Amino acid sequence: AIAAAGVIPVVLAAMVAHRNNVEVQENGCVVLTHLAMNTNIRTVIAAAGGISVVLAAMTAHQGHASLQWQGCVMLKRLAADNQNADNQTEIVAARGIPVLLAAMVARKGHADVQAQGCWALSNLTVN
């Protein structure tokens, strides 16, 4: 119901408008990650530009472990299973692998970032 209410474009627009605000970026990723629990919504998020917005947030705020973790979770969800092969291709084409690796390198001491980064990378190897 929440996705049908138009939440995805509004959240993405907020993230684009407030690229320098880590709180907006992280909370935007949280909303998108929760919505991406629904397999059908994953393609909607990607089609609305969600992949590039999440990657931009992760790139702009490499010093924030919680945002890096949330971004890894989001990319993991968008790339989950073979039903999301187009998302996997788009994440790779948008330089998602270097962004995931940068998050892992910058947050070596954060096991949660490491685990979610590995899982996201694993999902990208499926296709």
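The values are calculated or read from the model by the stated rules, or taken from the named source; none is laboratory data. Only a predicted model underlies this, so the values are computations on that prediction, with no experimental measurement involved. So basically every Cβ, Gly included, is an ideal-geometry build from the backbone, and we count neighbours across all protein chains shown. Note: areas computed on protein heavy atoms with side chains; ligands, DNA, RNA excluded. Shrake-Rupley method; radii C 1.70, N 1.55, O 1.52, S 1.80 Å.
Of all the numbered requirements in (1) at pLDDT 95 or above; (2) surrounded by fewer than 16 Cβ atoms within 10 Å (Cβ to Cβ), Met74 misses one, and that requirement is (2).
Evaluated against (1) under 13 Å from Asn123 (Cβ atoms); (2) open to solvent by less than 70 Å² (accessible area, probe 1.4 Å); (3) not hydrophobic (A, V, I, L, M, F, W, C), Ser52 falls short on exactly one condition, (1).
Scanning segment 35-56 for residues that are under 12 Å from the mean Cα position of the chain (by Cα) and not in a loop (DSSP other than H, G, I, E, B) yields Leu35, Arg42, Ile45, Ala46, Gly50, Ile51, Ser52, Val53, Val54, Leu55, Ala56. Residues in segment 67-86: is at least one in a helix (DSSP H, G or I), closer than 17 Å to Met15 by Cβ and polar (S, T, N, Q)? Checking segment 67-86: at least one residue is in a helix (DSSP H, G or I), closer than 17 Å to Met15 by Cβ and polar (S, T, N, Q). Filtering segment 93-105 to residues that are in a helix (DSSP H, G or I), open to solvent by 50 Å² or more (accessible area, probe 1.4 Å) and farther than 15 Å from Ser122 by Cα leaves Ala93, Val105. For segment 1-34, filtered to residues that are assigned to a loop (DSSP other than H, G, I, E, B) and of a type in the set (S, T, N, Q), the residue that is least open to solvent (accessible area, probe 1.4 Å) is Asn21.
Can you find a residue that is farther than 22 Å from Asn38 by Cα and open to solvent by 50 Å² or more (accessible area, probe 1.4 Å) anywhere in segment 83-92? Scanning segment 83-92, I find no residue that is farther than 22 Å from Asn38 by Cα and open to solvent by 50 Å² or more (accessible area, probe 1.4 Å), so the answer is no. For the structure I just gave you, tell me whether Met37 is open to solvent by 70 Å² or more (accessible area, probe 1.4 Å), at negative phi and aliphatic (A, V, I, L, M). For Met37, the condition - open to solvent by 70 Å² or more (accessible area, probe 1.4 Å), at negative phi and aliphatic (A, V, I, L, M) - is met.
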